1. Given the -39500 (n - 2.57) contribution per DSSP H run of 4+ residues, what per-residue ellipticity at 222 nm results for the chain, rounded to the nearest 500 deg cm²/dmol?
2. Work out the FRET efficiency for residue 98 and residue 15 from their Cβ-Cβ distance, taking R0 = 25 Å, and round it to the nearest 0.05.
3. What is the helix-to-structure angle for 15-30, meaning the angle in degrees between its Cα long axis and the longest Cα principal axis of the chain, kept from 0 to 90 and rounded to the nearest 10?
4. Take the chain, mark every one of the trypsin sites (Lys or Arg not before Pro) that falls in a DSSP loop and has at most 13 other Cβ within 10 Å, then report the longest stretch left between them, sites excluded.
5. May I ask you to give the solvent-accessible area per residue for the chain, in square angstrom, as obtained with a 1.4 angstrom probe?
6. Keeping the other protein chains in place, figure out the carbon and sulfur percent of the accessible area of the range 44-127, with a 1.4 Å probe.
7. With a ≥ b ≥ c the root eigenvalues of the C-alpha gyration tensor of the chain, is it rounded (a/c under 1.5), prolate (a/b larger than b/c) or oblate?
8. Find out how many positive minus negative residues lie around residue 59, taking Lys and Arg as positive, Asp and Glu as negative, among other residues whose Cβ is under 15 Å from that of residue 59.
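The values are calculated or read from the model by the stated rules, or taken from the named source; none is laboratory data. The model shown is predicted, which means the values in this text are computed figures rather than measured ones. Cβ: placed from backbone, ideal geometry, glycine included. Neighbour counts: every protein chain shown. Areas reflect the complete protein model, heavy atoms only, side chains present, ligands, DNA and RNA absent. Shrake-Rupley method; radii C 1.70, N 1.55, O 1.52, S 1.80 Å.
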Amino acid sequence: DSVNSIKWANKATHFDYFTKYQDMITLRKATETMRLGSATEVSLQQTDLNDFGGFTFTNSTIGYRLNAHATSTDAFDEYVIIHNGNNSGITLNTTGYTLAYVSSGTLTIGATTSVGANVSIVLAKNN
């Protein structure tokens, strides 16, 4: 049916979205902390953030921190997930963090990192 069918031509038209979804799935599969099995496990590992890296979140920005449990085999101890839903960019102090994922375009991470409008990022670090 025309509503629910897969429109394979859209893969070529929107290939950048396709590859970003692949990247997101690859990160989730490789990261035990992002595959917790219950709400209880999530509540033990997750902390909601009101601010991060010198930026106080507004209604359009959300963020949370996931800490790997003691027996985790993850490459990092901590993951910070931020979605900038603002119509403009934000600047964060990301000292000590590695960029694990960016939802749109490319991003260079440094002491300060500019995150574009409507972009989500995953930062990672070892404590």
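1. Details: 3 runs with 28 residues, N = 127.
Helix contribution divided over all residues of the chain: -6500 deg cm²/dmol.
2. Numbers: r = 26 Å, r/R0 = 1.03.
Efficiency, from the Cβ-Cβ distance: 0.45.
3. The angle comes out at about 40 degrees.
4. Numbers: sites that count: 7, 35.
The longest uninterrupted stretch comes out as 36-127.
5. Working: 8000 Å² over 127 residues.
Counting only protein heavy atoms, the per-residue value for the chain is 63 Å².
6. Working: 2060 of 4420 Å².
Heavy-atom surface of the range 44-127 belonging to carbon and sulfur, 1.4 Å probe: 47 percent.
7. Working: a/c = 1.80, a/b = 1.26, b/c = 1.43.
Oblate, since a/c reaches 1.5 and b/c is not below a/b.
8. On the way: positive: none; negative: 48, 51.
That sum, taken over residues with Cβ under 15 Å, equals -2.
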